[in-house]
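Worksheet: the structure to be examined is printed underneath.
The values are calculated or read from the model by the stated rules, or taken from the named source; none is laboratory data. What you see is a predicted model; the values in this text were computed from it and never measured. As a convention, Cβ positions derive from the backbone with ideal geometry for all residues, glycine included, and neighbour counts pool all protein chains shown.
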């Protein structure tokens, strides 16, 4: 069968590489004999008309679309375009958007099947059923329409042997993501030849605002598997910067140290970053020293709140003193420390939000982002909000319409402004930033965006 795997073009930055599509393609290639193409319209910045032309040329039997919540409108526009060009091809929706919005997606007649969670085994079985013309009821992990009714087949067991998975890097065309002047998640990128990998899946914590795509069980790849992939990307595609995008890279501190040590022993000379945020209270001096020696230069810390009460309420329960120590050590070792915080959490008071701003400002973080709470569908935060956020364009709604904190909308806005000003309007921090960041046009743009946050009347996050 001819399988076309798509990522929609959207306002999101082109990177990171859509590893989910790469792993789906890899699983199909391992177990079937399909003709597979991956088309990342976001990376190519293709307008819908050009994507439609390629769909028409390729004439797929099945189309899979992977998207995140912020790509809701583009996902449905793309599905409709695919149906116009290949009306007989089932359109399968996967990725975080699918897992969060579930049955609601099937209200769109252009979408035929929703794949929940990790999709490698699910898509292989789904393809076999479609090829045989069989019913889909036996395929675990999907939602589909049958005779006008929505059918949910139940959850699929998580994949335990991640070493057995292999991304189809050749179909991803990784070199096309080497954008010297392109936008990136990283404000201090050292080398444009940058790729991303997963070394594990799942997070054992139950934060009320977080996705559940990979489940709540930490499942690591072996250090040997991770290092073999890194070596391959380094040698075959001349990757020189690596983004490890795990939810919980240092959940097993021993394994994380082995990966760092392997990078050092292999003499790879990479620039490495952890953009998704490590668990800041699961560190020790040896680990932080290994990070530096292995070429790690940017470490993100997902702190969320400086209030112990809120930490318990959101089920993060992080040791704030240990996190502050880890940030201090990262900065002392010459690495760039980034902090992520959320304001507007359930029952959070104005004073607690200010406390978070003070905590961040008193830390050794180089940069910090203070986000408004987004209660994505399927999360505990959404249930607390008491609203159905399925099929919502998350780029359009503001925190003021979903304020679940104990503060008023104006207090929430004021606390956010306070945090940004308290953090960035410090001579010490401004001097460190000027020293640490590259002196180029991209830095100038980022500086302008920060200044706008500090001084504009309203903050839209």
Given (1) touching a strand residue (DSSP E or B) at 6+ places or on another chain (Cβ under 8 Å); (2) assigned by TED's automatic domain parsing to the domain that holds residue 297; (3) more than 30 Å from residue 336 (Cβ to Cβ), index of the condition residue 214 fails:
(3)
Only residues that are over 19 Å from residue 247 (Cβ atoms) and surrounded by fewer than 18 Cβ atoms within 10 Å (Cβ to Cβ): list them for the range 296-319, please.
308, 309, 312, 313
3 or more residues over 15 Å from residue 120 (Cα atoms) and without any contact (Cβ under 8 Å) to a residue 40 or more places away in the chain: qualifying helices (runs of 4 or more DSSP H) within the range 1-79
48-58
Looking at residue 346 and the list (1) at pLDDT 95 or above; (2) surrounded by fewer than 24 Cβ atoms within 10 Å (Cβ to Cβ), which single condition is not satisfied?
(1)
Out of 32, 42, 54, 50, sole residue that is farther than 15 Å from residue 113 by Cβ, modelled with pLDDT of 95 or more and within 25 Å of the chain's Cα centre (by Cα)
42
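Among 159, 105, which is modelled with pLDDT of 95 or more and out of contact with any strand residue (DSSP E or B) (no Cβ under 6 Å at 6 or more places or on another chain)? If you could, list the steps in order and put the result at the bottom.
Details: 105 fails: out of contact with any strand residue (DSSP E or B) (no Cβ under 6 Å at 6 or more places or on another chain).
None of the others qualify; the one that does is 159.
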Output for Cβ contacts, cut-off 6 Å, separation at least six or different chains, first residue in a helix (DSSP H, G or I) in the range 225-245, second at pLDDT below 95, reads 234/268
What are the residues in the range 311-339 that are in a helix (DSSP H, G or I) and touching a helix residue (DSSP H, G or I) at 6+ places or on another chain (Cβ under 6 Å), if any?
329
Subset of the range 146-165 (residues that are part of a strand (DSSP E or B), without any contact (Cβ under 8 Å) to a residue 40 or more places away in the chain and surrounded by 13 or more Cβ atoms within 10 Å (Cβ to Cβ)):
151
Does the range 278-295 hold any residues that are within 23 Å of the chain's Cα centre (by Cα) and either in a helix (DSSP H, G or I) or surrounded by 21 or more Cβ atoms within 10 Å (Cβ to Cβ) (or both), and which are they?
278, 279, 280, 283, 291
Could you check the range 56-75 and list, in sequence order, the residues that are surrounded by fewer than 22 Cβ atoms within 10 Å (Cβ to Cβ) and more than 15 Å from residue 42 (Cβ to Cβ)?
56, 57, 58, 59, 61
Do the conditions hold for residue 232, that is, is it at pLDDT 95 or above, farther than 30 Å from residue 377 by Cα and surrounded by fewer than 17 Cβ atoms within 10 Å (Cβ to Cβ)?
yes
Of everything in the range 135-149, what is within 19 Å of residue 101 (Cα to Cα), in contact with a helix residue (DSSP H, G or I) (Cβ under 8 Å, 6 or more places away or on another chain) and either modelled with pLDDT under 95 or outside the structural domain of residue 99 (by TED's automatic domain parsing) (or both)? Give them in sequence order.
145
Which members of the range 80-98 meet the condition of being under 23 Å from residue 376 (Cα atoms), part of a helix (DSSP H, G or I) and touching a residue at least 60 places away in the same chain (Cβ under 8 Å)?
96
Quick one: is residue 460 under 24 Å from the mean Cα position of the chain (by Cα), exposed (fewer than 13 other Cβ atoms within 10 Å of the Cβ), assigned to a loop (DSSP other than H, G, I, E, B) and at pLDDT below 85?
yes
Exactly one condition in (1) touching a residue at least 40 places away in the same chain (Cβ under 8 Å); (2) crowded, with 21+ Cβ neighbours inside 10 Å; (3) under 30 Å from residue 304 (Cβ atoms) is not met by residue 219; state its number.
(2)
Selection from the range 99-132 of residues in a loop (DSSP other than H, G, I, E, B) and closer than 21 Å to residue 30 by Cβ yields 117, 118, 119
